[in-house]
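These notes concern the structure reproduced below.
The values are calculated or read from the model by the stated rules, or taken from the named source; none is laboratory data. For clarity, every value in this text was computed on a predicted model and none was experimentally measured. FYI the Cβ positions are ideal-geometry reconstructions off the backbone, even for glycines, and counts take in every protein chain you see. Side chains are part of the model used for accessible areas, which takes the heavy atoms of the whole protein and leaves out ligands, DNA and RNA. Shrake-Rupley method; radii C 1.70, N 1.55, O 1.52, S 1.80 Å.
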Amino acid sequence: MDFPTVHTNFWDAVIAVPVVMVITQIIKSFFKIPKKYVPTVALIIGLLISIFISHRHHLFAGIFMGWFYGYAAVGSYASLKTLFITYRNGNRPSET
């Protein structure tokens, strides 16, 4: 069995991941999803977009890139949130 060649392109890097982030935030605000389930929601959205839109002719590629979309969105959101909190606190190290 040959695995399909998976190419990351403009769609993957610049459009799909932010779309997953935005849809996840919309769902989170409308349905009041507990924080511990938000990464799962992002993963499901990423898989749906990848399997049914961007890689609809290759299931393996769709699943692989769907994981990429979902987890890249979760990581990007966490990074942006940390950056915002650090900036808002005046760049002081957190007290733990």
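Sorting 34-44, 11-21, 80-90 by average packing, meaning the other beta carbons within 10 Å per residue, from highest down gives 11-21, 34-44, 80-90.
Quick one: with all protein chains in place, what share of the accessible area of the range 13-88 is carbon or sulfur, to the nearest percent (1.4 Å probe)? Before the final figure, lay out the partial values.
On the way: 3860 of 5070 Å².
Roughly 76 percent, rounded to a whole number.
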